1. Round to the nearest 0.05 the FRET efficiency obtained for Arg256 and Arg197 when R0 = 25 Å and r is the Cβ-Cβ distance.
2. Please work out the Kirkwood hydrodynamic radius for region 196-247, using every pair of different C-alpha atoms, and report it in angstroms with one decimal place.
3. Using helices alone, I'd like the mean residue ellipticity at 222 nm for the chain: each DSSP H run of four-plus residues gives -39500 (n - 2.57), total over residue count, nearest 500.
4. Taking the chain as the reference, fit the longest principal axis to its C-alpha atoms, fit the long axis of helix 202-215 to the helix C-alpha atoms, and give the angle between the two in degrees, 0 to 90, nearest 10.
5. Rg over Rh of the chain, using C-alpha atoms and the Kirkwood radius, what does it come to?
6. Top mean-square fluctuation among Ala240, Ala81, Ala248, Gaussian network model of the chain, C-alpha springs under 10 Å?
7. To test your reading of the geometry: what angle, between 0 and 90 degrees and rounded to tens, separates the Cα axis of helix 222-233 from the longest principal axis of the chain?
8. Please list log₁₀ I(q)/I(0) at q = 0.14, 0.23, 0.24 Å⁻¹ for region 1-84, using the Debye equation with identical point scatterers on the alpha-carbon positions.
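Every read-out reported here was derived from the displayed coordinates using simple, explicitly stated rules and does not represent laboratory data. Please read all numbers here as calculations on a predicted model, not as lab measurements. Here the Cβ is made from the backbone with ideal geometry for all residues, glycine too, and neighbour counts use every protein chain on show.
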Amino acid sequence: MHPTAIVAPGASIGAGVRVGPWCQVGPDAVLEEGVRLISHVVVDGHTRIGRDAVLWPFCTVGLAPQDLKYRGEPTRTEIGARTHVREHCTVHRGTVTGSCVTHVGADCLLMAVVHVAHDCTIGDGVIIANNVVMGGHVTIGDHAVIGGAAALHQFVRIGRGAMVGGVSGVEADVIPFGSVIGNRARLAGLNLVGLKRRGYDRAQVRRLRVAFRLLFAEAGVFAQRVVETRAAYGDDPLVAEILAFIDAPSSRGLIRAAAAPAEEET
């Protein structure tokens, strides 16, 4: 503990934790083994920071949400193991009108000046680039990538392995493994780079691309194309995941309009 750090009585501090200069840790915080607070970090509220996570200067985790309905309820914030929260990030606690918890998964990277609003749920291995902002109740699946300065509307769902291009305004859901870009964001194709990085072979990717072309073809009615895609490719695990995502309840609808020109190789 640096002598200038303020750690409130009641805070739970694990073995090997390092709290740097001018940091503040609240009485209900839990810092698991190996956590590092570099300097000028604020951890407040009922917040748990996972093992070996690193919080960089001037980030704040667990402060009250920017929600006028919030009345000081003891809601929670969670940061997963080995996640890095870079400079000037803000991660706000949940609300009782939401899930009561804001969750950031393990092995994530939140680059500088990212804002994670109340009741957001971010999966494991997610990369969020600089200056990304999101409204409350956003859900981001495992291994998704959010490009710099993107803005995610409240209640939007970003599917597993999806890619959101930089400076995109996303106001509806993005399918798993999809790639969107633009303001407002339009579907540009599949996130092929992400699929390759996750170890999917060429046969799997090719089958997914064929199903994608059928599902998001310009001709016909989308509901009918969903039925046709399920009949032809519903036994494929990746296609089945996309179809399940489409079937799930959504507050914002689905991005399915293609960018011009549509290009799966984006």
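1. Details: r = 25 Å, r/R0 = 0.99.
Efficiency, from the Cβ-Cβ distance: 0.50.
2. Radius from the Kirkwood sum: 11.3 Å.
3. Details: 4 runs with 43 residues, N = 266.
Calculated at 222 nm, the ellipticity per residue is -5000 deg cm²/dmol.
4. Tilt relative to the chain: about 70 degrees.
5. Rg/Rh for the chain comes to 1.04.
6. Ala248
7. For 222-233 against the chain, the angle is about 90 degrees.
8. For the requested q values the scattering log ratios are -0.41, -1.06, -1.15.
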